[in-house]
């Protein structure tokens with residue numbers, strides 16, 4: 001990694017840490033039955049990435065949840081096939097400032113919305129996704145433990161051999177059963 005890129009990342013993490021100290025959010029545990037609004041954050045490189053996540057988004061919608069899906073395309077110029085997906089909002093490198101801070105109307109809306117649950121489905125660690133996740137006012141944040149520096153209230157530990165489908169199945173299981181008084 002080049003020194004200028006390291007400097008940009010360090011500065012971005014410094015700004016993020018300062019903003020996180022000021023962040024006030026109401027931490028509450030929700031499950032799929034008690035949640036009304038769910039934010040889903042992920043990265044997408046191509047249509048196949050989206051096609052892996054789409055059934056999970058449908059699953060959430062079937063539970064009567066309002067879904068706001070936000071995806072990061074880590075290149076410039078979002079391909080038209082991804083841009084045409086109406087179920088998600090996509091941002092790219094073009095929406096980042098020099099130290100990788102994302103900006104835009106739907107990004108600001110995502111960060112400030114007090115989702116009952118924020119689910120991070122990112123398959124890789126990208127600073128813009130970390131920035132949005134960590135500054136989100138969501139009440140209950142869920143993600144993978146292998147994401148360094150991400151702030152979650154519930155983390156799912158996954159073995160490297162388990163793929164994205166396994167992670168999605170685990171999310172369905174735990175988010176359906178956590179804090180569920182019916183089973184007690």
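The values are calculated or read from the model by the stated rules, or taken from the named source; none is laboratory data. Source: prediction; values computed, not measured. Note: ideal-geometry Cβ built from the backbone for every residue, glycine included; neighbour counts use all protein chains shown.
Data overview
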| quantity | calculated |
| --- | --- |
| First in region 3-22 and on the phi > 0 side of the Ramachandran plot and at pLDDT below 95, second anywhere and surrounded by fewer than 12 Cβ atoms within 10 Å (Cβ to Cβ) and assigned to a helix (DSSP H, G or I), Cβ under 6 Å, 6 or more apart | none |
| Tally, over region 71-82, of residues that are in contact (Cβ under 8 Å) with a residue 40 or more places away in the chain and either on the phi > 0 side of the Ramachandran plot or exposed (fewer than 13 other Cβ atoms within 10 Å of the Cβ) (or both) | 0 |
| In region 136-149, residue nearest to residue 9 (Cα to Cα) [restricted to those that are in contact (Cβ under 8 Å) with a residue 60 or more places away in the chain and buried (at least 18 other Cβ atoms within 10 Å of the Cβ)] | 136 |
| Single residue of 68, 110, 91, 115 found to be in a loop (DSSP other than H, G, I, E, B), surrounded by 14 or more Cβ atoms within 10 Å (Cβ to Cβ), touching a residue at least 24 places away in the same chain (Cβ under 8 Å) and under 14 Å from the mean Cα position of the chain (by Cα) | 115 |
| Residue match in region 156-178 (condition: under 17 Å from residue 23 (Cβ atoms), in contact with a helix residue (DSSP H, G or I) (Cβ under 9 Å, 6 or more places away or on another chain) and not in a strand (DSSP E or B)) | no |
| Among (1) within 17 Å of the chain's Cα centre (by Cα); (2) modelled with pLDDT under 95; (3) buried (at least 19 other Cβ atoms within 10 Å of the Cβ) - the single one residue 45 does not satisfy | (3) |
